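Reading through the structure tokens given below for one structure.
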Number of protein chains: 2
Amino acid sequence: MTIDIIDKEARNVPTLASIAERVGVSVNTVSRALRAPNTVRVELRRRINAAMEELNYVPNRLAGGLSGTRSDIVGVVVTSLYYSEFASIIDSLQSALLERDLQVMLANTRYNADQELRLVRSILSWRPAAVAIIGVDHPPKVVELLKASGIPIIEMWDTGGDVIDTAVGFDHTQVGAAQADHLIAQGYRRIAFLGSVRENDKRAQKRLSGLEAAAAAAGLPEITKHTAQQGGNPELGERLATELLEHHPEIDAIACNSDVVSFGVLRALKKLGKRVPEDIGVIAFGDNEAAGCVTPSLTTIRPDRERIGKLTAEAIVARINGSEPRITIVDWQLVVRESTQRSTL
Amino acid sequence: MTIDIIDKEARNVPTLASIAERVGVSVNTVSRALRAPNTVRVELRRRINAAMEELNYVPNRLAGGLSGTRSDIVGVVVTSLYYSEFASIIDSLQSALLERDLQVMLANTRYNADQELRLVRSILSWRPAAVAIIGVDHPPKVVELLKASGIPIIEMWDTGGDVIDTAVGFDHTQVGAAQADHLIAQGYRRIAFLGSVRENDKRAQKRLSGLEAAAAAAGLPEITKHTAQQGGNPELGERLATELLEHHPEIDAIACNSDVVSFGVLRALKKLGKRVPEDIGVIAFGDNEAAGCVTPSLTTIRPDRERIGKLTAEAIVARINGSEPRITIVDWQLVVRESTQRSTL
DNA sequence: TGGCACAAAGTGAACGTTAACGCAACGATC
DNA sequence: GATCGTTGCGTTAACGTTCACTTTGTGCCA
């Protein structure tokens, strides 16, 4: 097996020249047979294709990208891959780009600003046709690099801020406000905010500020915040909720930054003997696949990740083809389930 | 904003030559200042770096890859990005590769064999340093292409079959057997298998056959199968479980192909008035983040995705550096929770 | 002072493809 | 029968790096 790979023949990957020599035509003719087949005689084309097939020819896009004008790479920069927060955006984005023969080059910053600069630089070094990146809040140097690159930049997920070029997403402040409004409408008054709010997760911060503003506007007492810097999981939610209620027994509603965290919150409340939604209401954000399957089922905000991915792909193609930059708002949805359904007020 | 981007200055991205001209040295010296800094005088190096910073120079890796021997790309081919099945593998793989300055180029086949061939070809056309791919069962042409490429191929997630070069994962047949053994140990006798088993999801098929073999070995009646071709979600689980129990009321245990599907199974059983684990036991596979938070909490198999990602990265680096191909088994774990804890037998 | 080693920088040729251009052969048009 | 457009292919020159060599400069020792 090893021999196969180290074998000299195997390492001599075929080039256009190999094919050309074998068929007895010029390199350019072989290239044309690939890019513009109808400019080559049918019979010759057939022989060229046969040779390619036989030699397992795979075009070298490094050379193609260097020589040609297009590059066929789309750089995708996300802040997280954990718990499918952005996985389905990538999923639909990638499959929509595939139809245009665009290849995804992925980078994951893990909410680290230094990493973001390094990764954007690394992505740009592949001379992509466009870059899609999560969020609109980037370090100044990142913005400078992206602008200087001269290619379409599509910012995804968030639209609440300065957009570099084109954006597809929604305003997270409004999400926080909607959380507050719903809780208030259900009769909750003492709202707490809980979850993982990393320093570089501007979206989480916007949702929190939207929540605070809406609560203040409704004349509610100040929001109690209990957050952590680390990534969110059920265990974190369980711990934070337990601590929260220990120090603030007056709380009657918890707004959570992610569904996954709130699963742990529900578990903590059960252990503490609190009834949901009667004693305490719980609302979250994200619409995790299990949100409808926990007990009680979880009221949450459902962002349309697949649509964002798809529309981002369309925006990329449109911008590459020269259309104007624009901001596309993708609606989210409040999904009311048991955890806030205090019908017996 | 548009003007910025279409601006001629902006499109003239700086090259090594631009820097060289500005500093007054040869192109090669600038290149060396990047690749082998200690071969360039400190003061000159400082001026070169300053010029790069000022012009926002980003190296062109297309050219670098074409000219040099390394390529710094690792192609990653997954079969799905939905519901974090492989997202956390990619997450840990990517972050481990980052430390070696290797860039991930991502492709998602969505369990489509034709797509797989097309995507592998596309990935290979970027002349990656290595390819990591989910599974060991590929169409013959894919195997041929991968072998002919002469680069390290790391097959992830599954090790139960013919390995092209190097593999990191586990034998899914054994997972199925463990599911059966656990159910049998808990006193269940009439086992059903339920879930999404797509034509190209060989791993799911292996788990099923392991389950069947172990049940047969224990003298149990034949496994009742109720599967679907589409992707798995709670709604599918709910529908399949309802249908299953309608036709097979004798069933006393359900082995499920994914946690997410089994969430729906639990919901269906509750609606049907079946007690879990007393009347029916439920075991699944995947260890979704919510598995411990549903009611009853879910007994499942926990594959160590992060470890697979990390070890795959290590295997890639090792193979690039010339070490021998090998197969690495990454242990999974049976996580026993409430859904099969029939202590009052 | 000649010789040599070594550090620092330059030269020129690749790498595999694409794109602009050139040119021969051929049929159609006036 | 000279002109012209078309088809089908070849020639040549990029694209931006890296790499193997070569050249120049500098200090050191015999």
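The values are calculated or read from the model by the stated rules, or taken from the named source; none is laboratory data. Nothing here was measured: the structure is a model prediction, and the numbers come from that model. Quick reminder, even Gly has a Cβ in these numbers, built from the backbone with ideal geometry, and neighbours come from all protein chains shown. Heads up: the accessible areas ignore ligands, DNA and RNA and are worked out on the full protein's heavy atoms, side chains in. Shrake-Rupley method; radii C 1.70, N 1.55, O 1.52, S 1.80 Å.
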- Note on the structure: Per the filter on the stretch B:315-335, residues surrounded by 15 or more Cβ atoms within 10 Å (Cβ to Cβ) and of a type outside the set (S, T, Y) are B:A315, B:I316, B:V317, B:A318, B:R319, B:I320, B:P325, B:V330, B:W332, B:L334, B:V335
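Scanning the stretch B:10-30 for residues that are within 14 Å of another protein chain (Cβ to nearest Cβ) and in a helix (DSSP H, G or I), which turns out farthest from DNA strand D (Cβ to nearest atom)?
B:A10
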- Query: In the stretch A:69-93, how many residues are open to solvent by less than 40 Å² (accessible area, probe 1.4 Å) and free of Cβ contacts under 8 Å to residues at least 12 places away in the same chain?
  - Reply: 1
- Task: For residues that are open to solvent by 20 Å² or more (accessible area, probe 1.4 Å) and within 7 Å of chain B (Cβ to nearest Cβ), tally how many sit in the stretch A:98-118.
- Result: 1
- Message: Which numbered condition in (1) in the same structural domain as A:A253 (by TED's automatic domain parsing); (2) open to solvent by 10 Å² or more (accessible area, probe 1.4 Å) is the only one that A:G176 fails?
- Response: (2)
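Would you confirm whether any residue within the stretch A:227-241 is within 17 Å of the chain's Cα centre (by Cα) and part of a helix (DSSP H, G or I)?
no
Among the residues of the stretch B:277-291, which ones are within 30 Å of B:I89 (Cβ to Cβ), of a type outside the set (S, T, N, Q), in contact with a strand residue (DSSP E or B) (Cβ under 8 Å, 6 or more places away or on another chain) and assigned to a loop (DSSP other than H, G, I, E, B)?
B:G286, B:D287, B:A291
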- Flag for A:H138 being open to solvent by less than 20 Å² (accessible area, probe 1.4 Å) and away from chain B (no Cβ under 14 Å): no
- Among the residues of the stretch B:10-48, which ones are open to solvent by less than 60 Å² (accessible area, probe 1.4 Å), near DNA strand C (Cβ under 10 Å from one of its atoms) and β-branched (V, I, T)? B:V23, B:V25, B:T29, B:V30, B:V40, B:I48
- Message: Condition first: out of contact with any strand residue (DSSP E or B) (no Cβ under 8 Å at 6 or more places or on another chain) and at pLDDT 95 or above. Now tell me which residues in the stretch B:151-183 satisfy that.
- Response: B:D162, B:T173, B:Q174, B:A177, B:D181
- Query: How many of the residues making up the stretch A:194-220 are of a type in the set (G, A, S), outside any helix (DSSP H, G or I) and either more than 14 Å from chain B (Cβ to nearest Cβ) or open to solvent by 20 Å² or more (accessible area, probe 1.4 Å) (or both)?
  - Reply: 3
- Query: Here is a list of conditions, (1) more than 7 Å from every other protein chain (Cβ to nearest Cβ); (2) away from DNA strand C (no atom under 11 Å from the Cβ); (3) touching a Ser or Thr at 6+ places or on another chain (Cβ under 9 Å), and B:R70 meets all of them except one; can you say which number that is?
  - Reply: (3)
- Filter the stretch A:51-68 down to the residues that are surrounded by 13 or more Cβ atoms within 10 Å (Cβ to Cβ) and over 35 Å from the mean Cα position of the chain (by Cα), then identify the one that is nearest to DNA strand D (Cβ to nearest atom). A:A51
- Query: In the stretch B:253-280, what count of residues is obtained for those that are in contact with a Gly (Cβ under 7 Å, 6 or more places away or on another chain) and not aliphatic (A, V, I, L, M)?
  - Reply: 7
- Note on the structure: Condition set more than 9 Å from chain B (Cβ to nearest Cβ) and β-branched (V, I, T), scope the stretch A:141-170, selection surrounded by the fewest Cβ atoms within 10 Å (Cβ to Cβ): answer is A:V143
- Which residue pairs have Cβ atoms closer than 7 Å, lie 6 or more positions apart in sequence or on different chains, and pair a first residue in the stretch B:229-240 that is within 14 Å of B:V197 (Cβ to Cβ) with a second residue that is in a loop (DSSP other than H, G, I, E, B) and open to solvent by less than 100 Å² (accessible area, probe 1.4 Å)? B:Q229/B:R198; B:G232/B:N257; B:G232/B:S258; B:L236/B:Q230
- Query: If you check B:S88, B:S95, B:S84, B:S80, which single one turns out to be over 12 Å from the mean Cα position of the chain (by Cα) and within 9 Å of chain A (Cβ to nearest Cβ)?
  - Reply: B:S95
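Looking at this structure, is B:D287 open to solvent by 50 Å² or more (accessible area, probe 1.4 Å) and outside the structural domain of B:I164 (by TED's automatic domain parsing)?
Considered against the rule, which asks whether it is open to solvent by 50 Å² or more (accessible area, probe 1.4 Å) and outside the structural domain of B:I164 (by TED's automatic domain parsing), B:D287 comes out as no.
Yes or no, residue by residue, for (1) part of a loop (DSSP other than H, G, I, E, B); (2) within 12 Å of chain A (Cβ to nearest Cβ):
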position	(1), (2)
B:E222	yes, no
B:K225	no, no
B:L244	no, no
B:I251	yes, no
B:V261	no, yes
B:A268	no, yes
B:K274	yes, no
B:C293	yes, yes
- Pick out the one residue from B:R307, B:R319 that is within 14 Å of chain A (Cβ to nearest Cβ), in contact (Cβ under 8 Å) with a residue 12 or more places away in the chain and assigned to a helix (DSSP H, G or I). B:R319
- Note on the structure: Among (1) under 30 Å from A:N200 (Cα atoms); (2) out of contact with any helix residue (DSSP H, G or I) (no Cβ under 7 Å at 6 or more places or on another chain), A:R110 falls short only on (2)
